[in-house]
Amino acid sequence: MKWIGLSILMLVGSQNILSDNFTVSHNGETIANVNRAYFSNPFVDIPLVNENNYEKFIQLLEKAIYQPPVNAKLDDTGNIVPEKVGYKLDHDTFTKQFYTYYFNQGPANIIAPKQMVYPNVDSELLSLIRVKQIGHYTTFFNSGNKERSMNIKLASEAINNQIVFPGETFSFNKVVGKRTKEKGYMRAPVIVKGELSEDIGGGICQISSTLYNAVDNAGITITERYSHSKRVPYVPSGRDATVSWYGPDFRFTNKYNQPVLIRSKVYGGTVRIMVYSSEDINFKPKRIQKATYKLPKEIPLDSEVNRNHL
């Protein structure tokens with residue numbers, strides 16, 4: 001049985017008090033059982049609700065009830081995975097039910113009232129914006145480097161199926177999030193031809209750089225981009241986009257009249273990022289120099305050259 005954090009505190013008392021409680025159920029389980037005494041204000045003679053305790057109670061209920069919506073997306077074969085509606089606490093209905101209990105006598109048992117939370121992207125929208133490829137870019141890496149390959153794969157999965165609406169700005173750091181061991185990111189044990197990267201998550205700059213070239217190829221407005229201090233080998237000179245959780249970000253803004261869809265795939269030693277939209281989009285693509293197939297020499301972290309570099 002799932003109980004919210006205050007349940008144990010609220011159930012302390014005599015049997016008479018327990019029989020006078022306000023009980024909230026959700027999905028067939030009791031998630032809260034509280035007596036009106038918990039909400040009473042001992043410093044006034046009139047029956048006013050202790051707003052601080054009530055707010056804590058509401059916050060705990062929200063956490064217990066909230067179910068985030070899930071956007072529609074494309075699977076690995078290009079088929080649409082339908083969206084899922086989410087739920088949140090219906091504050092207005094719940095407030096009426098609570099105050100009816102509080103300012104009267106006796107117990108009350110309610111089923112937590114919910115409101116539907118709709119996803120931003122449904123199957124209909126996704127079917128419209130996946131039809132026209134407006135930009136793409138491909139880069140290559142050493143798939144034998146397991147740690148760096150894992151970081152590239154995780155970052156690719158994070159940006160895959162992202163949709164940027166007209167006027168919206170995409171932030172690489174916000175979408176990918178902090179690169180941590182808990183998320184599976186690894187300490188890449190090499191430096192690739194002078195590339196400076198994060199200790200955990202080394203290699204993700206190949207994803208941000210590939211994304212930069214793909215969206216630039218689509219003519220999308222780049223709003224924030226920084227180059228590495230030294231040239232990196234996986235994109236042509238000046239075509240990279242370095243990122244770091246505590247430092248540079250890569251951002252672009254969709255100034256087109258239609259949403260754009262980012263598709264990112266990693267297979268073997270290849271990163272391919274594609275940008276799609278609807279047939280109605282009015283876009284101006286740019287011609288971008290292709291990346292080289294030639295893989296650079298990798299330097300182990302414990303090497304003399306690497307220690308001197310760091």
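Structure summary
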item: For Ala72: the one exception among (1) open to solvent by 50 Å² or more (accessible area, probe 1.4 Å); (2) of a type outside the set (S, T, N, Q); (3) at pLDDT 95 or above; result: (1)
item: Subset of the stretch 269-279 [farther than 13 Å from Ala214 by Cβ and touching a Ser or Thr at 6+ places or on another chain (Cβ under 6 Å)]; result: Gly269
item: Scope the stretch 173-205; condition modelled with pLDDT of 95 or more and in contact with a Pro (Cβ under 9 Å, 6 or more places away or on another chain); matching residues; result: Asn173
item: Residue match in the stretch 144-157 (condition: open to solvent by 70 Å² or more (accessible area, probe 1.4 Å), touching a residue at least 60 places away in the same chain (Cβ under 8 Å) and under 15 Å from the mean Cα position of the chain (by Cα)); result: yes
item: Residues located in the stretch 108-148, provided they are touching an Asp or Glu at 6+ places or on another chain (Cβ under 7 Å) and among the β-branched types (Val, Ile, Thr); result: Val121, Val131
item: Residue match in the stretch 91-100 (condition: among the polar types (S, T, N, Q), touching a strand residue (DSSP E or B) at 6+ places or on another chain (Cβ under 7 Å), at pLDDT below 95 and crowded, with 16+ Cβ neighbours inside 10 Å); result: no
item: Scope the stretch 229-268; condition over 12 Å from Asn213 (Cα atoms), at pLDDT 95 or above and either open to solvent by less than 30 Å² (accessible area, probe 1.4 Å) or among the aromatic types (Phe, Trp, Tyr) (or both); matching residues; result: Asp249, Thr253, Asn254, Tyr256, Pro259, Val260, Leu261, Ile262, Arg263, Ser264
item: Within the stretch 124-182, tally of residues that are farther than 21 Å from Ser209 by Cβ, in contact with a Phe, Trp or Tyr (Cβ under 9 Å, 6 or more places away or on another chain) and assigned to a helix (DSSP H, G or I); result: 1
item: Every residue from the stretch 47-69 that is open to solvent by less than 70 Å² (accessible area, probe 1.4 Å) and more than 21 Å from Phe165 (Cα to Cα); result: Val49, Asn50, Asn53, Tyr54, Phe57, Ile58, Leu60, Leu61, Glu62, Ala64, Ile65
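The values are calculated or read from the model by the stated rules, or taken from the named source; none is laboratory data. Not measured: the values here are computed from a predicted model. We place every Cβ from the backbone using ideal geometry, glycine too, and count neighbours over all the protein chains shown. These accessible areas exclude ligands, DNA and RNA; they are computed on the full protein's heavy atoms, side chains included. Shrake-Rupley method; radii C 1.70, N 1.55, O 1.52, S 1.80 Å.
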